[in-house]
1. Given the condition among the aromatic types (Phe, Trp, Tyr) and within 14 Å of the ligand (Cβ to nearest atom), answer yes or no: does some residue in segment 165-172 qualify?
2. Could you tell me how many of the residues in segment 87-111 are farther than 15 Å from THR152 by Cβ and more than 16 Å from the ligand (Cβ to nearest atom)?
3. Just the residues that are open to solvent by 10 Å² or more (accessible area, probe 1.4 Å), at pLDDT 95 or above and out of contact with any Gly (no Cβ under 7 Å at 6 or more places or on another chain), please, taken from segment 159-173.
4. Hey, could you check segment 113-132 for residues that are open to solvent by less than 10 Å² (accessible area, probe 1.4 Å) and without any contact (Cβ under 8 Å) to a residue 60 or more places away in the chain and say which is nearest to LEU61 (Cα to Cα)?
5. Counting just the residues of segment 208-237 that are more than 11 Å from the ligand (Cβ to nearest atom) and assigned to a loop (DSSP other than H, G, I, E, B), which one comes out surrounded by the fewest Cβ atoms within 10 Å (Cβ to Cβ)?
6. So VAL205 clears everything in (1) surrounded by fewer than 20 Cβ atoms within 10 Å (Cβ to Cβ); (2) over 15 Å from GLU140 (Cα atoms) except one condition, right? Which one?
7. Could you say whether any residue in segment 71-86 is under 20 Å from ALA149 (Cβ atoms), modelled with pLDDT of 95 or more, surrounded by fewer than 21 Cβ atoms within 10 Å (Cβ to Cβ) and among the β-branched types (Val, Ile, Thr)?
8. ASP185 fails exactly one of the following numbered conditions: (1) away from the ligand (no atom under 16 Å from the Cβ); (2) open to solvent by 10 Å² or more (accessible area, probe 1.4 Å); (3) assigned to a helix (DSSP H, G or I); (4) in contact (Cβ under 8 Å) with a residue 40 or more places away in the chain. What is the number of that condition?
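The values are calculated or read from the model by the stated rules, or taken from the named source; none is laboratory data. Note that the coordinates shown come from a computational prediction; the quantities given were computed from them, not determined experimentally. As a convention, Cβ positions derive from the backbone with ideal geometry for all residues, glycine included, and neighbour counts pool all protein chains shown. The accessibility values were calculated without ligands, DNA or RNA, using every heavy atom of the protein model including side chains. Shrake-Rupley method; radii C 1.70, N 1.55, O 1.52, S 1.80 Å.
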Amino acid sequence: MRRKFVAGNWKMNGSLESANALVKALVASIGNSPAADVVVCPPFIHLESVAALVNGSGVSLGAQNLADEEAGAYTGEVSGAMLKDVGCEYVIIGHSERRTLYGEDDALVSKKFLRARDEGLIPILCVGESLEERESGAMESVIARQIDAVLTAAGVQALCNSVIAYEPVWAIGTGMTATPEQAQDVHAFIRSRIAAEDAAAAEGVRILYGGSANAANAATLFGQPDIDGGLIGGASLKAEDFVTICAAAA
Ligand code: PEP
């Protein structure tokens, strides 16, 4: 039985004050022993402050990105060791906004995945197809390519000790949620791809859905057999909605 998992990706939103207020409200509602794993991923600049507020609670901390290099002359970058240092346990890797807006290709995503693992961070690896790729029938080959890049670089055990997020690009921030059936089909496809390498590992890996998931649709999505929770963008910025989504994962 896979424990459900819900992560909030706050992206580049909020102030120090609003980040603190949001996480205080979450900690108060979610308590110390939620029925699902709950993670928040604030902007880098707010990590330390949020870390102090989640300390000892049932909410864990993640970052939205990390440098592919260990340390050195990389102006503007944040290393995995720095993220560990401030209390991060997780890091989002290969979000579609990083892939499309910042040119992160499969090779760089795989490098970041390995770097995260080397630093003792658990990657939340994002994969997903664009609308054009879905409509042209390329969806499975795109997802397979994204998964295989990391499988080849890191091996099946590393992938299965991580978290995968299926996030159709056309559903992110658009209000166009994938139907539970559409999402389930892709989750099953990802699991079968991993099962071809190691069936037991594929059974254990958690695969989240992301893309306009909200308080109203979370329970139906999370009720699908291969959907193990969600990576939540917009709805994670409202404490009440995020708490409802976490409860839907219980
Ligand atoms: C995301 O960016 O990871 C995401 C799922 O965003 P939203 O929930 O806003 O679609």
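1. The answer is yes; a qualifying residue exists.
2. 4
3. Within segment 159-173, TRP170 is the sole residue that qualifies.
4. Checking each candidate, the answer is LEU121.
5. Looking at the filtered set, the residue picked out is PRO225.
6. Condition not satisfied by VAL205: (1).
7. no
8. (4)
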